[in-house]
1. Would you check which residues across the stretch 111-141 are free of Cβ contacts under 8 Å to residues at least 24 places away in the same chain, assigned to a helix (DSSP H, G or I) and of a type in the set (A, V, I, L, M, F, W, C) and list them?
2. Between a residue in the stretch 45-64 that is of a type in the set (S, T, N, Q) and any residue that is surrounded by fewer than 18 Cβ atoms within 10 Å (Cβ to Cβ), which pairs come within a Cβ distance under 7 Å, given they are 6 or more apart or on different chains?
3. For the stretch 97-110, indicate whether the set of residues that are farther than 15 Å from VAL191 by Cα, without any contact (Cβ under 8 Å) to a residue 60 or more places away in the chain, in a helix (DSSP H, G or I) and of a type in the set (D, E, K, R) is non-empty.
4. Return the residue satisfying two criteria in turn: it lies in the stretch 40-61 and is part of a loop (DSSP other than H, G, I, E, B) and surrounded by 16 or more Cβ atoms within 10 Å (Cβ to Cβ), and of such residues it is farthest from the chain's Cα centre (by Cα).
5. For the stretch 1-19, which residues satisfy the criterion of being assigned to a helix (DSSP H, G or I) and under 22 Å from SER177 (Cα atoms)?
6. I'm trying to understand the selection: among the residues of the stretch 2-18, which are free of Cβ contacts under 8 Å to residues at least 12 places away in the same chain, more than 14 Å from LEU112 (Cβ to Cβ) and surrounded by fewer than 18 Cβ atoms within 10 Å (Cβ to Cβ)?
7. Would you check if ALA33 is in a helix (DSSP H, G or I), modelled with pLDDT under 90, surrounded by fewer than 18 Cβ atoms within 10 Å (Cβ to Cβ) and of a type in the set (A, V, I, L, M)?
8. Just to be sure before I move on: is THR163 at pLDDT below 85 and out of contact with any Gly (no Cβ under 6 Å at 6 or more places or on another chain) in the structure I sent?
Amino acid sequence: MQALRDFRIGEGGLLRRCEKAVGLTSLGRQIVAAVSLTWLPVVGLSLVNERLTGVREPLVHAPALHVRLLVTVPVLLTLDHVFPRVCRSALEQLAAQSFLPDRAQEPFDRLLRRATRLADSLLPELLLALLAFGLAASAVAGLLPGSSIRPRPGLTVAHVWYTLADWPVLQFLLWRSLWRWAIWVVILRGVARLDLEPVAAHPDRRGGLSFLRRHLAPWCQRRTSSSHKKIGGTGELRQCRMQVAVFAWIERPRARGQAQVRARLSSKRRRTASREDLGAPSLSV
């Protein structure tokens, strides 16, 4: 199928095109570049400020800073490489095992073309980047009093760098992973509406479609990285309230789609059992 061969959920977007333009296509180079642009400058500026002023820089001694930039950012970049491959593998298995009858091929192709257009669009990631840097600039200007990155008395160059460079990069990577997840939810919801031909007696009790759950494994890395962000900070849930709300909103249609698949499988099992009962010979005494 041409639509499946052309399908890509991790090759488009603003950041991916920028990475290809500067030659940062491998995961190792991306992690090194991210650490060099985020962690090294803020640590270097903090140490220089301590040496020149003799005043302790609280930012560089906070464990949350190092966990966010040395753990969370590499995890999100790794997820950016793993998640698309897992999604594509699941769709290829769906087509290879003949779950898609001929009548469902055209709707399936339209679904993949729609998802590819969403993944290739520059606008969503551009809006996410503008939102991240806009919030950071608002925090520096003191317009976000409840933010954990709000300016403090005696604001240093290191803190300004962290607020205007490191924090937006981290937020953008997190929100982009949510956008990729939303595209995958659209695909799963569309697959649930197709007239599939699952195997009613398959031992996985999901009609042979349990492989569609593989996308949850790399996504656990994102949830783990979200918890890493809170280590060493205030530890309050309100700091990640927006991400939790968005994730819950995206998760609802995915769960609804899985319920539709299970209902369809149950209906097919009942029809199969009824046909077997009608075709069984009656025993006479």
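1. Looking only at the stretch 111-141, we keep the residues that are free of Cβ contacts under 8 Å to residues at least 24 places away in the same chain, and these are 117, 123, 127, 130, 134, 138, 141.
Pick out the ones that are also assigned to a helix (DSSP H, G or I) and you get 117, 123, 127, 130, 134, 138.
Correct list: LEU123, LEU127, LEU130.
2. The qualifying pairs are ASN49/VAL157.
3. Within the stretch 97-110, the first condition is being farther than 15 Å from VAL191 by Cα, and the residues that meet it are none.
No, there is no match, as no residue in the stretch 97-110 is farther than 15 Å from VAL191 by Cα, without any contact (Cβ under 8 Å) to a residue 60 or more places away in the chain, in a helix (DSSP H, G or I) and of a type in the set (D, E, K, R).
4. Step one: list which residues in the stretch 40-61 are part of a loop (DSSP other than H, G, I, E, B), which gives 54-61.
Narrowing the set further to residues that are surrounded by 16 or more Cβ atoms within 10 Å (Cβ to Cβ) leaves 57, 59-60.
Details: GLU57: 34, LEU59: 28, VAL60: 29 Å.
Once the filter is applied, the top-ranked residue is GLU57.
5. Going residue by residue through the stretch 1-19, those that are assigned to a helix (DSSP H, G or I) are 2-6, 14-19.
Matches in the stretch 1-19: LEU4, ASP6, LEU14, LEU15, ARG16, ARG17, CYS18, GLU19.
6. Going through the stretch 2-18, the residues free of Cβ contacts under 8 Å to residues at least 12 places away in the same chain turn out to be 5, 16, 18.
When the remaining residues are screened for being more than 14 Å from LEU112 (Cβ to Cβ), the result is 16, 18.
Within the stretch 2-18, CYS18 is the sole residue that qualifies.
7. Working: in a helix (DSSP H, G or I): yes; modelled with pLDDT under 90: no; surrounded by fewer than 18 Cβ atoms within 10 Å (Cβ to Cβ): yes; of a type in the set (A, V, I, L, M): yes.
It is false that ALA33 is in a helix (DSSP H, G or I), modelled with pLDDT under 90, surrounded by fewer than 18 Cβ atoms within 10 Å (Cβ to Cβ) and of a type in the set (A, V, I, L, M).
8. Details: at pLDDT below 85: no; out of contact with any Gly (no Cβ under 6 Å at 6 or more places or on another chain): yes.
It is false that THR163 is at pLDDT below 85 and out of contact with any Gly (no Cβ under 6 Å at 6 or more places or on another chain).
The values are calculated or read from the model by the stated rules, or taken from the named source; none is laboratory data. As the structure is a prediction and not an experimental result, all values here were calculated from the model. Neighbour counts run over all protein chains shown; Cβ positions are idealised from the backbone, glycine included.
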